[in-house]
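To keep things clear, I will list the structure first and then write my remarks on it.
The values are calculated or read from the model by the stated rules, or taken from the named source; none is laboratory data. Quick caveat, the model's predicted, so the values are computed rather than measured. Ideal geometry is used to build each Cβ from the backbone, glycine not excepted, and the neighbour counts take in all protein chains shown. What goes into the accessible areas is simple: the full protein's heavy atoms, side chains included, and nothing from ligands, DNA or RNA. Shrake-Rupley method; radii C 1.70, N 1.55, O 1.52, S 1.80 Å.
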Amino acid sequence: MAKIAIVYHSGYGHTAKQAAAVAAGVNEVAGASAQLVALDDIAAVPWADLDGADGIIFGAPTYMGGPSAKFKEFADASSKAWFTRAWQDKVAGGFTNSASLNGDKQGTLGALATLALQHGMIWVSLGLLPANSSKAQRNDVNRMGASYGAMAQSDSDVGPDVAPPAGDLETARLYGARVAATTLRFVRGKQ
Ligand SMILES: Cc1cc2nc3c(=O)[nH]c(=O)nc-3n(C[C@H](O)[C@H](O)[C@H](O)COP(=O)(O)O)c2cc1C
């Protein structure tokens with residue numbers, strides 16, 4: 001069994017929907033299971049569960065071009081795990097959601113990847129072709145052409161009941177499945 005923790009922050013619920021889609025993708029892979037960890041209270045982070053996971057997927061909304069402050073608080077607190085190399089060689093991935101089509105989401109994914117690399121983790125790319133032809137539609141998979149991880153976009157005037165759109169949630173689901181399948185290979189390789 002590959003245990004995959006999905007550690008995310010969501011201020012207003014949009015990134016939480018993306019996180020749920022990532023978890024659905026993980027759980028669709030036979031032999032993999034997802035544990036969603038919402039970063040509401042840093043004092044409540046289940047560090048032992050993260051240390052015991054085979055993979056960790058990080059998620060944050062893009063605020064001012066980078067991960068939200070609450071996620072950064074978690075990243076800073078993870079320095080204890082960094083000292084002990086507790087997450088060394090675990091599989092890692094990341095996702096972000098923001099209001100603008102671009103919105104500097106790449107800055108957030110870069111920060112999430114850097115966190116994983118500092119911990120000695122093995123980062124998984126998105127692995128999906130971009131929807132960038134003249135026929136591309138709003139609900140296409142990977143409509144923002146990401147490669148670092150999964151991106152989603154939520155219109156600024158609507159709630160998480162309607163955003164992010166279905167294609168972005170499908171992108172998140174496919175990414176969760178990809179990270180899970182990759183983690184399973186590592187777990188089986190160790191056995
Ligand atoms: C403090 C703050 C900063 C933001 N900065 C950005 C930004 O840099 N780029 C962007 O596209 N959207 C930005 N937004 C919009 C959020 O990314 C967007 O509303 C997102 O859906 C929020 O996700 P959440 O509901 O999970 O918190 C910002 C929102 C807030 C509250």
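The set of residues in the range 115-139 that are within 19 Å of the chain's Cα centre (by Cα) and more than 16 Å from ARG178 (Cβ to Cβ) comprises LEU115, LEU117, GLN118, HIS119, GLY120.
Matching residues to (1) within 16 Å of the ligand (Cβ to nearest atom); (2) surrounded by fewer than 20 Cβ atoms within 10 Å (Cβ to Cβ); (3) in a loop (DSSP other than H, G, I, E, B):
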site	(1), (2), (3)
ALA5	no, no, no
ALA19	yes, no, no
ALA24	no, yes, no
GLN35	no, yes, no
ASP40	yes, yes, yes
ALA43	no, yes, no
ALA48	no, yes, no
GLY59	yes, no, no
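Please find, among LYS70, LYS90, LYS105, the residue that is basic (Lys, Arg), open to solvent by 30 Å² or more (accessible area, probe 1.4 Å) and more than 17 Å from LEU174 (Cα to Cα). The match here is LYS70. For the residues GLY65, GLY55, GLY31, the requirement of being farther than 22 Å from TYR148 by Cα and either crowded, with 21+ Cβ neighbours inside 10 Å or among the small types (Gly, Ala, Ser) (or both) singles out GLY31.
Scanning the range 88-109 for residues that are under 12 Å from the mean Cα position of the chain (by Cα) and within 16 Å of the ligand (Cβ to nearest atom) turns up GLY94, PHE95, THR96, ASN97, THR108, LEU109. Residue-level analysis places ALA30 among those that are closer than 16 Å to THR183 by Cα, free of Cβ contacts under 8 Å to residues at least 60 places away in the same chain and of a type outside the set (S, T, N, Q).
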